[in-house]
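J.: Below are the structure tokens for one structure; questions will follow.
What follows is calculated from the coordinates using simple rules that are stated; it is not laboratory data. No experiment lies behind these values; they were computed from the predicted model shown. Cβ: placed from backbone, ideal geometry, glycine included. Neighbour counts: every protein chain shown.
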Amino acid sequence: MKRELNSWFSPALQKDMPIVTYGDYGFALLFVPTAAADYLEYERFQMMETLAPYINGGKVKVFSINSINNESWLNNEMLGEHKAIRHNQFNEYVYNEVVPFIRNSTSHDTPIITCGASFGALHSMNLFLKRPDLINGVIAMSGVYDLTEYSKGFFDEQVYFNSPMHYMPNLTDHGILEQIRKSNHIHILTGSGAYEDPNASRAFAGVLYNKGINYELDVWGEEWKHDWPTWRAMLPVYLETRF
């Protein structure tokens, strides 16, 4: 498997941000880490080994970036408004720096699908819904789509606009809604075992349904808990059968 490391000083985040790329061809799958993890998390937990047949076969080219959650929502020493500001800087990093990097590494027409598990599922969904002109779909695994689950009681306009459960019911911009509706790849996956919250996925699927947005909700059984073996089982199924 071809593996390439790159890094640059991010104007949005004012720090060096590494990115790792796996493969040569295929649609672009952009991994967003869980919690406070880094760009090599998916590799450490054997996800890349699991996806090797699809990467080596040219179906997918994977890009994996750092999280900055430990500089925002998971930083207990930080004021809520500063967490929100930092989160918005992360969004700008993805839209204005990572997406062009992917385009330069693939082509302007290559679809970009965000993907993440746990907190990464919320970020992956949010990144897609806010800019469906740049990102073409999402695979969200074991997510909770209400950012107040992580904001420790803080709520302001920026929390609202980064919390899909809050802003999507009120989204009326026809252009953005139509771009979201064009996607054939809104996949909401969850287990029902320990530490999973399938009702969070069901609730968000209901929001999308009420907006006339096509999605796929897939709730796995109680033997599938909130952990890497579940996500290593889920993702290959979707790469094999949906792409």
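J.: Provide the FRET efficiency to the nearest 0.05 for the Asp173-Asp218 pair, computing r from the beta carbons and using R0 = 45 Å. Please list the in-between numbers first.
T.: Values: r = 28 Å, r/R0 = 0.62.
The formula returns an efficiency of 0.95 here.
J.: Which number do you get for Rg(Cα) / (2.2 N^0.38 Å) in region 128-174? If you can, show how the numbers build up before the last one.
T.: Details: Rg = 11.7 Å, N = 47, 2.2 N^0.38 = 9.5 Å.
Dividing the Cα radius of gyration by 2.2 N^0.38 Å gives 1.23.
J.: Assign unit charges at the C-beta atoms only (+1 for Lys and Arg, -1 for Asp and Glu), then state the dipole size of region 74-197 relative to its Cα centre in Debye, rounded to the nearest 20.
T.: Values: 8 positive and 14 negative charges, 53 e Å.
Roughly 260 debye, rounded to the nearest 20.
J.: Here is a follow-up. Relative to the Cα centre, what is the charge dipole magnitude of the chain, using +1 at the beta carbon of each Lys and Arg, -1 at the beta carbon of each Asp and Glu, and rounding to the nearest 20 debye?
T.: Numbers: 19 positive and 28 negative charges, 95 e Å.
The dipole magnitude comes to about 460 debye.
J.: Just rank His108, His87, His187, His82, fewest to most, by other beta-carbon atoms within 10 angstrom. Present the calculation step by step, with values, prior to reporting the outcome.
T.: Numbers: His108 6, His87 23, His187 20, His82 13.
With the fewest neighbours first, His108, His87, His187, His82 line up as His108, His82, His187, His87.
J.: Run a plain Debye calculation on region 3-235 (Cα atoms as equal point scatterers, no solvent) and give log10 I(q)/I(0) at q = 0.08, 0.11 Å⁻¹, rounded to two decimals, same order as the q list.
T.: Computed log10 I(q)/I(0) values: -0.27, -0.52.
J.: Just to be sure I understand: with springs between alpha-carbon atoms less than 10 Å apart, which residue in Ile176, Ile68, Ile135 has the highest mean-square fluctuation in the Gaussian network model of the chain?
T.: Ile176
J.: Would you mind telling me the antiparallel percentage of the DSSP bridges in the chain, rounded to 5?
T.: On the way: 12 of 35 bridges.
In the chain, approximately 35 percent of DSSP beta bridges are antiparallel ones.
J.: Applying the Karplus parametrisation 6.51 cos²θ - 1.76 cosθ + 1.60 with θ = phi - 60° to the phi angles of region 109-117, what ³J(HN,Hα) value in whole Hz is obtained for each residue in order, glycine and proline being reported as x?
T.: Going residue by residue, I get 9, 5, x, 10, 10, 7, 8, x, 10 Hz, with x marking Gly and Pro.
J.: Here's another thing I want to ask about it. Between their Cα atoms, which of Lys152/Lys182; Lys15/Lys59; Lys15/Lys152; Lys2/Lys211 are more than 29 Å away from each other?
T.: Pairs exceeding the cut-off: Lys152/Lys182; Lys15/Lys59; Lys2/Lys211.
J.: In addition: Could you give the radius of gyration (one decimal) and Dmax (whole number) of the Cα atoms in region 117-243, in Å?
T.: 14.1, 41
J.: Right, here's the next one. Could you run the Karplus curve 6.51 cos²θ - 1.76 cosθ + 1.60 with θ = phi - 60° over region 147-156 and give me ³J(HN,Hα) per residue in whole Hz, x for Gly and Pro?
T.: For region 147-156, the Karplus-derived couplings read 5, 5, 5, 10, 8, 6, x, 6, 8, 9 Hz, x marking Gly and Pro.
J.: Of Thr172, Ala140, Pro111, which is farthest along the charge dipole of region 102-243 in the positive direction, counting Lys and Arg as +1 and Asp and Glu as -1 at C-beta?
T.: Of the listed residues, the answer is Pro111.
J.: Sorted by average packing, counted as other Cβ atoms within 10 angstrom per residue and highest first, what order do 223-231, 5-13 take?
T.: Numbers: 223-231: 18.0, 5-13: 13.2.
The packing order, highest mean first, is 223-231, 5-13.
J.: I need to check one value: relative contact order of region 3-235, counting alpha carbon pairs closer than 8 Å and at least 6 residues apart, in percent.
T.: On the way: 453 pairs, mean separation 37.3, N = 233.
Relative contact order, region 3-235: 16 percent.
J.: Report the percentage of all Cα-Cα pairs in region 1-67 whose separation exceeds 20 Å, rounded to a whole percent.
T.: Working: 588 of 2211 pairs.
Counting every Cα pair in region 1-67, those more than 20 Å apart make up 27 percent.
J.: Quick check for me: using +1 on Lys/Arg Cβ and -1 on Asp/Glu Cβ, what's the dipole size of region 1-63 about its Cα centre, in debye to the nearest 20?
T.: Numbers: 6 positive and 7 negative charges, 28 e Å.
For this selection, approximately 140 debye.
J.: Also, quick follow-up: What's the extension gain from His108 to Asn184 if we count 0.36 nm per residue and subtract their Cα-Cα distance? If you can, show how the numbers build up before the last one.
T.: Working: separation 76, 0.36 × 76 = 27.36 nm, distance 1.87 nm.
Length difference between fully extended and current span is 25.5 nm.
J.: So how far, in whole Å, is the C-alpha centre of region 185-243 from the one of region 5-53?
T.: Between the Cα centre of region 185-243 and that of region 5-53, the gap is 22 Å.
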